[in-house]
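**Q** Next up is a structure, given as structure tokens.
Rule-based calculations on the coordinates, nothing more; no lab input. What you are looking at is a predicted structure, and each value in this text was computed from that prediction instead of being measured. As a convention, Cβ positions derive from the backbone with ideal geometry for all residues, glycine included, and neighbour counts pool all protein chains shown.
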Amino acid sequence: MATVRPGEALHTGGLGALGEITSSAFTPDLSWDTIRLAAIAAFRTLMYAVAGMSIALLIGVPLGIAASGVLFRNPLARFGVVVAIRGFLAVLRSVHEIVWAVLFVFALGLSPVAGVLAIGIPYGGILGRIIAERITDAPERPLDALRATGASPFQVLMYGQLPIATPDLVSYLFYRLECAVRAAAVLSFVGLGGLGFRITIALDDLNYDEAWTSIYALVILVAGIDLWSAQVRRRLL
Amino acid sequence: MTDTPSSEIAACSLVDVDYRYGDTIALRCVSLRVAPGESVALIGPSGAGKTTLLRVIAGLFQPSAGAVEVMGRSLAGLRPGRELAGLVGMMQQQLDLVLQLAVKHNVQAGYLGRWGTLRSLAALAFPIESTGARNAIRRVGLEDRIATRVGRLSGGEQQRVALARLLVQDPDLVLADEPVSALDPALADDLLALLRDLVSDRPGERPGESMAPRALIASVHQPELALRHFDRIIAMRSGQIAFDKPADDVTEKDLDLVYSLVARAPTPEPAAAGQ
């Protein structure tokens, strides 16, 4: 095996390319065709992210509620279920979405399903943990007052812990949706289509102007989610 | 307090109740009997045992000695839950409401002991309002805030929400621990009047149905408010009942005795002074 000395690992024309990439940031390709393709790619990336978040919610909400342990009256059962489910959630989220993506591409081929699952599974693990924590952090006094009306643990959850946790959870969900958009863009580098894929193609062709068009589309997407989140939060708080 | 005819069930009766935690004796040999329809104010300096007494009556604390009965039933055998919720309800402080939920949902929570899981879910998800909850909200004067989140209401309005929830829960005995301590004097006056009126006025679920009148026991910090709004005054001092008499018979001297800072010879009047 040849050893690589520091000087040799550098791309000799790197500085020039860097200058070119930087300067084209100010001259993105704004032709109709490029914008149209970037818009379609942005939509696709958003859909991956939304589908991934939907799966994450399907995993995270029930498992998070179970992992909070509030539905179990028997302390032994509660302890067993909480430990088992928290462990399972930890497994889901300790594997990075890119690793999940590689696994699913192996199993399913280059299909959007692979990308969506790669986002949904680790994010489900993260959401489950956050939901469990928000539920167990709810202040006790309103919950005691509900129990005093004769409410069952499930009714206390529906009228107490969940509404109390909702504003925080909604903010967090929007933040996670932003993360999912970035992850979806990154995953499309592995061939799943979307903004990352457009950026890869443009860079391969040394077409920096076009790459910047897609990067700006990504920025607009994230900013749009931020605005939406602010709107929803204003209504909740 | 002499024995009342046994034909009438007491809303609440305590016989020689002690409550200790650690070395502290919070209640010592407390006996009292409250009839349905009576409204009783607990007064006394801080630390006299008013809150402890209310919590023992509510079944939240187990007495160390003595017997507690609500509507003729011993609380010792009842688990907290729907059965207890129909017998005794504690008016909650504003801190005990769910600020993120609308007024109607906080009030409907009073039904949770009687509602099944599906019914309580449906009431959250759909804008259905039970007539009972709507009536209770109207009676506390919050009709126009029915869909407002409780966190956006003022402290006085939140206390009214707590009161409406209690009306919906509809227990035979209503307890209230310092229900007006957080309110300014004018609001406190209004709320106590409302509390007393609503507790004593108990329409049946259906027209023509008559229900046993509710009894009310509230701890009240200011004796003037207690005298103005309640039929009977029970004064606590050092975990014992200092006096127990109709509000009309309470004298300036009685109050001085209870609130004086200098501890006098502990001469709690015998319980017989009550009647």
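**Q** Report relative contact order for chain A in percent, whole number only (criteria: Cα-Cα under 8 Å, sequence separation at least 6).
**A** Value for chain A: 29 percent.
**Q** Here's a follow-up. Let me know the mean shielding of A:135-148 by other chains, meaning the per-residue number of their Cβ atoms within 10 Å of its Cβ.
**A** Averaged over the peptide's residues, the number is 5.
**Q** Mind checking the mean number of beta-carbon atoms from other chains within 10 Å of the Cβ atoms in B:59-66?
**A** Average per residue, whole number: 0.
**Q** Order the peptides B:35-45, A:214-224 from the highest to the lowest mean number of other Cβ atoms within 10 Å of their residues.
**A** My ranking of the peptides, most packed first, is B:35-45, A:214-224.
**Q** For the protein assembly as shown, with only Lys/Arg (+1) and Asp/Glu (-1) charged at the beta-carbon, what is the dipole magnitude about the Cα centre, in debye rounded to 20?
**A** Taking the Cα centre of the protein assembly as shown as origin, the dipole is about 960 debye.
**Q** Please give the peptides A:65-73, A:103-111 ranked by average Cβ packing (other Cβ atoms within 10 Å per residue), highest first, as a rough proxy for protection.
**A** Answer by packing, highest mean first, reads A:65-73, A:103-111.
**Q** Further, regarding this structure: List the lysines whose alpha-carbon lies under 27 Å from that of B:LYS50, not counting same-chain residues fewer than 8 positions away?
**A** Within reach: B:LYS245, B:LYS253.
**Q** Now, a different point. Could you tell me how many degrees, from 0 to 90 and to the nearest 10, lie between the Cα long axis of helix B:155-169 and the main elongation axis, the longest principal axis, of the Cα atoms of chain B?
**A** The answer is roughly 90 degrees.
**Q** Under the 0.36 nm per residue contour assumption, what length would be gained going from the current alpha-carbon distance of B:SER154 and B:LEU227 to full extension?
**A** Taking B:SER154 through B:LEU227 to full extension adds about 23.6 nm, to one decimal.
**Q** Label-point separation (nm) for B:GLU83 and A:LEU108, each offset 7 Å from Cα along Cα-to-Cβ?
**A** Here the modelled spin labels are 5.2 nm apart.
**Q** Hey, what number do you get for the protein assembly as shown at 222 nm if only DSSP H runs of n ≥ 4 count, each worth -39500 (n - 2.57), divided across all residues, to the nearest 500?
**A** -17000 deg cm²/dmol, from helical runs alone.
**Q** First select every other residue whose beta carbon is under 10 angstrom from the beta carbon of A:LEU236; then total the charges, Lys and Arg +1, Asp and Glu -1.
**A** +3
**Q** Another one. Once a ≥ b ≥ c are taken as the square roots of the eigenvalues of the Cα gyration tensor of segment B:3-64, is the result rounded (a/c under 1.5), prolate (a/b larger than b/c) or oblate (a/b not larger than b/c)?
**A** Prolate is the answer for segment B:3-64, as a/c is 1.5 or above and a/b outweighs b/c.
**Q** Rounded to the nearest 0.05, what FRET efficiency is calculated for B:ASP197 and A:ALA223 with R0 set to 35 Å and r the Cβ-Cβ distance?
**A** With a Förster radius of 35 Å, E is 0.05.
**Q** Determine, for each peptide in B:22-30, A:21-29, the mean count of other beta carbons within 10 angstrom over its residues, then list the peptides with the highest first.
**A** For the peptides B:22-30, A:21-29, the packing ranking is B:22-30, A:21-29.
**Q** Another question, then. Can you compute the FRET efficiency between B:GLU178 and B:ARG20 using 1/(1 + (r/R0)^6), with r the Cβ-Cβ distance and R0 = 30 Å? Round to the nearest 0.05.
**A** 0.85
**Q** Hey, another quick one. I'd like the FRET efficiency for A:LEU206 and A:SER54, computed as 1/(1 + (r/R0)^6) with the beta carbon distance as r and R0 of 41 Å, rounded to 0.05.
**A** 0.65
**Q** Let me ask something else. List the pair-distance distribution P(r) of the protein assembly as shown, using every Cα-Cα distance, as the percent of pairs falling in each 20 Å bin from 0 up to the bin containing the longest distance, rounded to whole percents.
**A** 19, 38, 23, 14, 6, 0
**Q** Another question, if that's okay. Please report the antiparallel percentage of the DSSP beta bridges confined to the protein assembly as shown, to the nearest 5.
**A** Beta bridges within the protein assembly as shown, antiparallel portion: roughly 55 percent.
**Q** Label segment A:1-136 by shape, choosing from rounded, prolate and oblate, from the square roots a ≥ b ≥ c of the eigenvalues of the Cα gyration tensor; if a/c is under 1.5 it is rounded, and otherwise prolate applies when a/b is larger than b/c, oblate when it is not.
**A** prolate
**Q** How crowded by other chains is B:107-119, given as the mean number of beta carbons from other chains within 10 Å of each beta carbon?
**A** Per residue, the number of nearby Cβ atoms from other chains is 4 on average.
**Q** Nearest 10 degrees is fine. How inclined is helix A:162-187 to the longest principal axis of chain A, computing both from alpha carbons?
**A** Tilt of helix A:162-187: around 20 degrees.
**Q** Further question: Just need the relative contact order of chain B here, percent rounded to a whole number, with Cα pairs under 8 Å and 6+ apart.
**A** Value for chain B: 26 percent.
**Q** Between B:ALA147 and A:VAL83, what is the spin-label point distance in nm, taking each point 7 Å from the Cα along the Cα→C-beta axis?
**A** Modelled inter-label distance: 4.9 nm.
**Q** Could you work out how far apart the two model spin labels at A:ALA230 and B:ASP248 are, taking each label as a point 7 Å from the Cα in the direction of the beta carbon, and quote it in nm?
**A** Result: 6.6 nm between the two label points.
**Q** Now, a different point. How would segment A:40-236 be classified by its alpha-carbon gyration tensor: rounded, prolate or oblate, with rounded meaning a/c under 1.5 and the a/b versus b/c comparison settling the rest?
**A** Because a/c hits 1.5 or more and a/b fails to exceed b/c, segment A:40-236 counts as oblate.
**Q** Another one. How long are the three semi-axes of the equivalent ellipsoid for segment B:12-274, computed from the Cα gyration tensor as the root of 5 times each eigenvalue, in whole Å, largest first?
**A** So the three semi-axes of segment B:12-274 are 33, 20, 17 Å.
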